[in-house]
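What follows is a single structure, written as structure tokens, with notes after it.
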Amino acid sequence: MFSQLQALPNTKPSGEELMSKLLRRRWTLLSPDTNIHQITVSSKQGQKGGGLFSNVSFLNNNQPHLGNMMLYENQGLSFYIVRDDLLHPFVNGNKARKLDGLLPLIEDHGVTDVVTCGGCQSAHAAAVAVSCAERGLKSHLLLRGEQPQILTGYNLISTIYGNVTYVPRSFYAHREEMLQTHASMVAGHTGSIVYCNDIIDSSLASQTFECSKFVQRDAPRGTENHSRKVAIVNEGAKDVVALLGMFRLVDYLSQDHLLGKKRAFNFVVDSGTGTTAVGLGLAAMYLGLPWKITAVMLADTMDTYRQQERRLIAEFKRQFRFLLDSHKLNGANDGIVHWVDRCHPRKFGNILEGEIEACQQVARQTGIPLDPVYTLAAWEMATRITCAHEDDSNVVILHTGGTLGMFGLAQRYKSYFGMLNNAIKS
């Protein structure tokens, strides 16, 4: 034993070696690849007021020059968009990234069932349902409120792929107790319950993060002869393991032939829970990238988002301290995300007059679908920053998806959607 200890190397692994170790593991997505498009913004001469984008038009270049060629191209007024909305037909891009590092750990831990929660039209719940079904896991979705008369959008997908239970709002207000109670019911007397953070801690402690020894991957699951093991996934997948997918994405985007490591970018992302923005910021800081993360706040106050940012950073440092060069994240506690209000603030989930037409305009001019609750907020902010020449950085939108949410909104805002038939053709 003593000779083996003497043989251990004294040199500390470099940051790149540690990053490689962090990423050298099983993922849900077969590849981190994604498409990058460039959107040119042009002013409409003599047109003012009216709709949200009545004074501008957009043009999509789906094969832009990237890498070193970006330096020599006269881009004019434009921004880039990372098309993570194309990763999966039913799973939002940011949800796919959050689950990218989580689901293999859940599988390797011998989990048979997953319990999570969300709103009636929760993109997170639908993503969990679809992703679990694709991997042979059973999902149990606690949705807030009453069952709608017509199942549509994410609610329909959740119902098709998962086991849905509608929960009264008074009960849903106590999420932790609600999740624990339902997980206990699913597990039964012979089963067990595990939380995502416990899975990570166990994996790291057992040195099984890269290739788990918890269970054979072809072992039978969910049969009557085997006890159930139930994993609880927090609403919106706000567990720290959700940040791993963003590290993988940033590592991919920072390749020299794509965005590279030296060029300054201002990433604009719509923020519900804020987890995606924090993951982007942490990964960019760790890799030493000159990237700014601008997060458009949609669901809460700035103090709450900053509190969430600090919590995720602290938990990430704690859980992955053996796989990270901690010095690279020394400045993280001072803030890694630039939190901003939406251009037109409102109560979360509401849409304003003219926003459906704005989504229609973008779709017709670029072929890119937006939704008025999430991705339109990022598009509007990116357009504002680009047209105002606020800094020298190239603006990049991370398109998180959300198109299925339009079907649910069409039921709530019938008058707004009815106006599409009368919209002026562009």
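Here are a few things to note about the model shown:
- Scan of segment 329-346 for residues that are in contact with a strand residue (DSSP E or B) (Cβ under 7 Å, 6 or more places away or on another chain), farther than 19 Å from Leu282 by Cβ and in a loop (DSSP other than H, G, I, E, B), ordered by number: Arg342
- Qualifying positions in segment 292-306 - buried (at least 21 other Cβ atoms within 10 Å of the Cβ) and among the hydrophobic types (A, V, I, L, M, F, W, C): Ile293, Ala295, Val296, Met297, Leu298
One line per residue, one yes/no per condition, for (1) farther than 23 Å from Gly349 by Cα; (2) surrounded by fewer than 15 Cβ atoms within 10 Å (Cβ to Cβ):
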position	(1), (2)
Ala126	no, no
Lys138	yes, no
Leu142	no, no
Gly145	no, yes
Tyr161	yes, no
Ala173	no, yes
His182	yes, no
Tyr195	yes, no
Ser202	yes, no
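- For Ser131: the one exception among (1) polar (S, T, N, Q); (2) touching a residue at least 60 places away in the same chain (Cβ under 8 Å); (3) farther than 18 Å from Ile36 by Cα; (4) not in a helix (DSSP H, G or I): (4)
- Of the residues making up segment 297-328, those that are among the aromatic types (Phe, Trp, Tyr), in a loop (DSSP other than H, G, I, E, B) and closer than 28 Å to Ile385 by Cβ number 0.
- Residues in segment 1-55 that are open to solvent by less than 80 Å² (accessible area, probe 1.4 Å), part of a loop (DSSP other than H, G, I, E, B), at pLDDT below 85 and under 29 Å from Ala283 (Cβ atoms): Pro13, Ser14.
- Of all residues in segment 156-179 being of a type in the set (A, V, I, L, M) and assigned to a helix (DSSP H, G or I), the one that is farthest from Thr112 (Cα to Cα): Leu156
- All conditions in (1) open to solvent by less than 40 Å² (accessible area, probe 1.4 Å); (2) of a type in the set (A, V, I, L, M, F, W, C); (3) closer than 23 Å to Gly402 by Cα hold for Ile150, with the sole exception of (1).
- Boolean, Lys292 is touching a residue at least 60 places away in the same chain (Cβ under 8 Å), basic (Lys, Arg) and in contact with a His (Cβ under 9 Å, 6 or more places away or on another chain): yes
- If you go through segment 307-320 and keep only what is surrounded by fewer than 16 Cβ atoms within 10 Å (Cβ to Cβ) and either polar (S, T, N, Q) or in contact with a Leu (Cβ under 9 Å, 6 or more places away or on another chain) (or both), you end up with just Gln307.
- Among residues of segment 217-262, those that are over 27 Å from Ser20 (Cβ atoms) and either among the polar types (S, T, N, Q) or modelled with pLDDT of 85 or more (or both), counted: 11
- The set of residues from segment 385-412 being modelled with pLDDT of 85 or more and among the hydroxyl-bearing types (Ser, Thr, Tyr) comprises Thr386, Thr400, Thr403.
- Test result for Gly272, open to solvent by 10 Å² or more (accessible area, probe 1.4 Å) and on the phi > 0 side of the Ramachandran plot: no
Okay, residues lined up against (1) hydrophobic (A, V, I, L, M, F, W, C); (2) surrounded by fewer than 22 Cβ atoms within 10 Å (Cβ to Cβ):
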{"site": "Ala363", "(1), (2)": "yes, yes"}
{"site": "Gly367", "(1), (2)": "no, yes"}
{"site": "Trp379", "(1), (2)": "yes, no"}
{"site": "Ser393", "(1), (2)": "no, yes"}
{"site": "Phe417", "(1), (2)": "yes, yes"}
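The values are calculated or read from the model by the stated rules, or taken from the named source; none is laboratory data. Owing to the predicted nature of the structure, the values given are computational and were not obtained by experimental measurement. With ideal geometry, Cβ positions are generated from the backbone for all residues, glycine too; neighbour counts draw on all protein chains shown. Side chains are part of the model used for accessible areas, which takes the heavy atoms of the whole protein and leaves out ligands, DNA and RNA. Shrake-Rupley method; radii C 1.70, N 1.55, O 1.52, S 1.80 Å.
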